[in-house]
Amino acid sequence: MSAVSATLGGVSTVIFANVTAHETRVAVREDGVLVEVLIERAHERSIVGSLFKGRISRVLPGMQAAFVDIGQDRDAFLYVDDVVETLEEEGYEVIGETGRGDQAVELVRGLQPDLAILDIKMPGMDGLEAARIINGEKICGVLMLTAFSQREVVEQARDAGALAFLVKPFQKSDLIPAIEVAMGRFRELRSLTGEIDALGEQLESRKVVDRAKGLLIDEAGMSEADAFSFIQRTAMTERIRMRDVADRIIDGSLRPGAD
């Protein structure tokens, strides 16, 4: 087994790698905490998640990134800052930044953004758990970033509530559509939720009005049509909801002919 250590952004990072004829195992530890494990077997081997020694071939200052020659058919893409500068260049307002999942949840709760962009692997709380909380509280849409494209990872992100998924490295042409898709889907879901809530309120109001009609029929000897007409006229006269009139009939504070 071999290990490489470095300090990145103030975080002490150690990468452990163990390679056999049958599989490659890689683990990442940040500040003494295991944050990522990758196991790749020979029959399903790919370059995704692999470790390469490379040489920087081209720098993109505007995106704080560089292309790295790793001896493959295509150069790798190395990010210094994954998305912030790109977002600002495209006219988006970045209102909060953090590298920790737990802090991301608190920022989202406090700032109420239109979208939260999370990495699956984050210290403090992984991006999947942060996405579950944000999605459960219906605060905003979530775009999930990851270095891995395995089906299992994609399904985990989907189940956590991510509305779009992006595999690193990615280009600006990939990022912007993913952002718009995630925000658009969240708007649709929020609208649908509002419609469902409205339908639920209508159903509950109908139940209350039906109960009030039943009381007028039983106690005042009114027909169903007269009972409904009484509730409707009272609501129009007092400029209140029929549900409010029904509530007063049920609690006994309103009856036909009472002053």
Filter the range 233-247 down to residues that are closer than 18 Å to Lys207 by Cβ and in contact (Cβ under 8 Å) with a residue 12 or more places away in the chain, then give me how many there are.
6
Restricting the first residue to the range 25-41 and requiring it to be without any contact (Cβ under 8 Å) to a residue 12 or more places away in the chain and closer than 12 Å to Thr13 by Cβ, which pairs with a second residue that is of a type in the set (Val, Ile, Thr) and part of a strand (DSSP E or B) meet a Cβ separation below 8 Å and a spacing of at least six or different chains?
Leu34/Val28
Those residues of the range 99-126 which are part of a helix (DSSP H, G or I) and touching a helix residue (DSSP H, G or I) at 6+ places or on another chain (Cβ under 7 Å) amount to Gly101, Ala104, Val105, Val108
Of all residues making up the range 130-149, the number that are in contact with a helix residue (DSSP H, G or I) (Cβ under 9 Å, 6 or more places away or on another chain) and either among the polar types (S, T, N, Q) or assigned to a strand (DSSP E or B) (or both)
6
Consider Val154 against the criteria (1) of a type in the set (Val, Ile, Thr); (2) crowded, with 16+ Cβ neighbours inside 10 Å; (3) more than 30 Å from Met122 (Cβ to Cβ); (4) without any contact (Cβ under 8 Å) to a residue 12 or more places away in the chain: it satisfies all of them except one. Which criterion is unmet?
(3)
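For every residue, the table says whether it meets (1) in contact with a strand residue (DSSP E or B) (Cβ under 7 Å, 6 or more places away or on another chain); (2) surrounded by fewer than 12 Cβ atoms within 10 Å (Cβ to Cβ); (3) modelled with pLDDT of 65 or more.
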{"position": "Asn18", "(1), (2), (3)": "yes, no, yes"}
{"position": "Arg25", "(1), (2), (3)": "yes, no, yes"}
{"position": "Val33", "(1), (2), (3)": "no, yes, yes"}
{"position": "Gly49", "(1), (2), (3)": "yes, no, no"}
{"position": "Pro61", "(1), (2), (3)": "no, yes, no"}
{"position": "Ile70", "(1), (2), (3)": "yes, no, yes"}
{"position": "Tyr79", "(1), (2), (3)": "yes, no, no"}
{"position": "Glu88", "(1), (2), (3)": "no, yes, yes"}
Determine whether Thr234 is among the hydroxyl-bearing types (Ser, Thr, Tyr) and surrounded by fewer than 12 Cβ atoms within 10 Å (Cβ to Cβ).
no
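The values are calculated or read from the model by the stated rules, or taken from the named source; none is laboratory data. Since we're looking at a predicted model, the values are computed, not measured. Heads up, the Cβs are rebuilt from the backbone with ideal geometry, glycines too, and the neighbour counts pull from every protein chain shown.
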